1. Here are the criteria: (1) under 30 Å from Ser409 (Cβ atoms); (2) without any contact (Cβ under 8 Å) to a residue 24 or more places away in the chain; (3) surrounded by 14 or more Cβ atoms within 10 Å (Cβ to Cβ). Tell me which single one Thr176 does not satisfy.
2. All but one of (1) outside any loop (DSSP other than H, G, I, E, B); (2) closer than 22 Å to Val614 by Cα; (3) at pLDDT 95 or above hold for Arg360; which doesn't?
3. Do we have Val596 as in the same structural domain as Val486 (by TED's automatic domain parsing), more than 25 Å from Gly356 (Cβ to Cβ), at pLDDT 90 or above and touching a strand residue (DSSP E or B) at 6+ places or on another chain (Cβ under 6 Å) here?
4. Taking the criterion of being at pLDDT 90 or above, within 28 Å of Leu827 (Cβ to Cβ) and either hydrophobic (A, V, I, L, M, F, W, C) or not in a strand (DSSP E or B) (or both), would at least one residue in the stretch 882-893 satisfy it?
5. What number of residues within the stretch 154-168 satisfy the criterion of being touching a residue at least 24 places away in the same chain (Cβ under 8 Å), of a type outside the set (Lys, Arg) and more than 21 Å from Asp854 (Cα to Cα)?
6. If you scan the stretch 781-802, which residues turn out to be over 24 Å from Arg885 (Cβ atoms), modelled with pLDDT under 85 and not small (Gly, Ala, Ser)?
7. State whether one or more residues within the stretch 88-109 are β-branched (Val, Ile, Thr) and loosely packed, with under 14 Cβ neighbours inside 10 Å.
8. Taking the stretch 287-326 only, how many residues are farther than 24 Å from Gly356 by Cβ and hydrophobic (A, V, I, L, M, F, W, C)?
Amino acid sequence: MTETTHRPDPVHVLLADGRTAGIRPARPGDHDDVLRFYDGMSGANLRLRFFAAGRRSGRQAADRVARTGREGYRALLAYHEDTLIGIAEYERLATPAVAEISLAVADDFHHHGVGTLLLEHLVHAARRDGVTTFTAEALAENAEVLKVFADLGLHTTRRLEGTEVRCTIALESDETYLSAVDERARTADTASMVPLLRPRSVVVVGAGRNPGSVGRAVLKNLRRAGFTGRLMAVHPQVRAIEHVPCHPSVAALPEVPELAVLALPAAAVADAAEECGAAGVRAMVVLSAGLDAGQGAALLAACRRHGIRLVGPNCLGIATTEETVRLDATFAAHRPLPGSAGVAVQSGGVGIALLGGLSRLGIGVSTFVSLGDKYDVSGNDLLQWWESDGTTDLALLHLESFGNPRAFSRTARRVARKMPVLTVDAGRSEAGRRAAASHTAAAATPTVTRQALFAQAGITATRSVRELLDTAALMHTQPLPAGTRVAVVSNAGGAAVITADACVDAGLTVPELPADLVADLRAVLPAGASAANPVDATAAAGDGALRACVDRLTRHGAVDAVLVTLVPTALAEATGDDPARALTRRGLEPRPVAAVLLDQPDSVRLLHSAGGDVPAYADPRSAARALAHAADRSRWLAQPAGTVPEPGGTDPGAARAVVDAYLGEHPDGGWLDPGRCAALLDAYGIPQQPWEWATTEDEAVAAAERLAPAGAGRVALKAHWPGLLHKSEQGAVLLDLTGHGEVRAAYRDLAARFGDVLTGVVVQPMAPRGLELVAGAVQDDVFGPLVLFGLGGTSTELLADHAARLAPLTDRDVQELITTPRCAPLLFGYRGAGPVDLEGLEQLLHRLSALAGDLPQLAEVDLNPVLAEADADAVTALDARIRVRPRRDPDPYLRRLR
């Protein structure tokens, strides 16, 4: 392929100041760019780079970079727009796993993160090439590059040799490195969002004269909100729209706007984006819908070429209520109230519904972003912005797809420690997934995978916009409950029972109250009231009695929350009492209080008082679900974040060799034979039942004799052929065989029934009695490896008693995998049986997680059954099925824009 036809596309990245750069491998045609790069470098920096100030070293470096394709050599170049701004290289030494690196950054791009980004990408490439260690030499006075090496987050050692320092960098990634990458990403991402969410100037391109045009609606909203910066518009024929001066083109504007809002026909969007980029615009919101694949690609290419952050296309717009900005660049009918809730949605319709619901509740918004087709700016960007904007304390998301779920999960875990992160679990049904895919052109993801992501990241996942608003109302106004114990109070016995049932259905408990608390309640409630839980205060209870009752419950440690259900009564109307007044907070209650007002027309509203607000629901089920979500968040926060242990005794290289050899023979992938399955499990120390392979009845008899000598036990024969999945259903497993005669007869039976399709049999000794479990992993194209665990055996699919978590598994993830399935009590000892080997089970799951994470080619791993013996230190995989496919998994934590 010629140089003109092969031009590697750059990976776009964010510099520390929010500008965009591109990183790509060097190619032969880069010689002149590299020469200009070094010719433009100051003498001082040339000396630091080459240990000499002459220009000859630069020419030699240009020659070296241009000779690409050499074994053991790699060079990466960083460009800002069309200018080369950095070079990173490595060359293997005599030891293949060790490579020497060099780094150079243009003079005017120092301290912008160029060198660090190049090294991160060089580390990623080196790991794929089998390099485990970098070495580098630097002058002792070159403090800047030494700091870059030290701050990478990788284990680095230094040795001073005269005037030079020799650095050794181990490329093994761990949590320290990932955390350092996270922090650098957050800094760069937040800087890049400033022109978008805190712009000093805005232009609307496509503001029409028609009062019903989208562009004009946006311009009107910007004016009404009182945007604090300079507002401009582009129209080729009009001098002013909505009292805003118009100019014939972006190039004719009196100043370069930081943010451009495009409301144009689809065919005109890419050209307008190019014009904005050429002028120096830093951020763009594209409201236009209907872009075809070519138009969309041209839009994104223009934004990447000029370093523009992009929201949309096909979106409602963005809004920021900060007093210093007051930006409403949407075409929504009503602008959001100012406040502290961050809102990000993909669907404009959902955005309008959420904003309307929040406004009715009186909950204000800090930032609203309609992501639309999400070409660039995503939920991950918004979470990082809210984390550091100094205003947001509640995050609301409605995302139909995830571009990089593993990076999103790391960000969400961090942000959820600071504020509640709520989402609607969209696309649970097949129809929902089809709708999501048509809107975002993203692949549908299984419900279980999304739920695993939400559970691990501490995201509160609701099932509808209404439930999202119900939960937001509670979390925005009330402290979190410490647990699931709820006291139900009502002025009507029937309503109390319905509410208690709703609590139990939501996973909450309605416990008996201790005697001292019951006595206190009886002292303040009218005669005839029941102080059990639920508390029936009767219709005779006025607001004073109810207030005293609620006060005692919230201050006693017997319950974690109080839910008050009230119905209108004639008695209250006659006395002028308003029982709802008992619910107004005085800012002293240490436990959450919520209400159910069965006669209110709104599904949820806030009861206001000087001490704080109380959420009131029309339906007990809504209140109970909101409390359950709050209790789940409290439980998540109370647990440590967890760490990913490194299981010892693993051999990833041997495992990769097994997979590579199979794919060399079967380029399209397929199911591994028993020998290769066993080799993979052995490489990761996953215990297996002993077995032997046999292709004749004599071999089967000999294997049985070795595995279970005469009189010492029984054996099983398992037929095998490529693609055989459910052995039991096809009668391909014969059990409890003893003696040569039974083994021969069993082999002949399998050979007769399956004929030429049979490739052989697996012979195993019969396993002892124990609990049959299943452990497996599935490689999701979007979310990465997902580890499943639960009840196994032949009834696995029928009972569907499983839990799932995304790899890599932390120790906390493994504990939740083991304790979440309904069969969990059997693991800890049940009805006289002792507990199984829990430590061995945890180790198996960690090793399975490492196996799936290290080998993205593993499409499916199914260990079923896994035998866990009671009162024994034994967890053993009795059968394994593994399918591989050709695939290289990109590093999900490598910094890059989509």
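The values are calculated or read from the model by the stated rules, or taken from the named source; none is laboratory data. Quantities reported herein were computed from a predicted structural model and do not represent experimental measurements. Ideal geometry is used to build each Cβ from the backbone, glycine not excepted, and the neighbour counts take in all protein chains shown.
1. Among (1) under 30 Å from Ser409 (Cβ atoms); (2) without any contact (Cβ under 8 Å) to a residue 24 or more places away in the chain; (3) surrounded by 14 or more Cβ atoms within 10 Å (Cβ to Cβ), Thr176 violates only (3).
2. (3)
3. No: the conditions fail for Val596.
4. Yes: the stretch 882-893 contains one or more residues that are at pLDDT 90 or above, within 28 Å of Leu827 (Cβ to Cβ) and either hydrophobic (A, V, I, L, M, F, W, C) or not in a strand (DSSP E or B) (or both).
5. Residues that pass the stated criteria total 5.
6. Thr794, Leu798, Leu799, Asp801
7. Scanning the stretch 88-109 turns up at least one residue that is β-branched (Val, Ile, Thr) and loosely packed, with under 14 Cβ neighbours inside 10 Å.
8. Residues flagged as farther than 24 Å from Gly356 by Cβ and hydrophobic (A, V, I, L, M, F, W, C) within the stretch 287-326 amount to 11.
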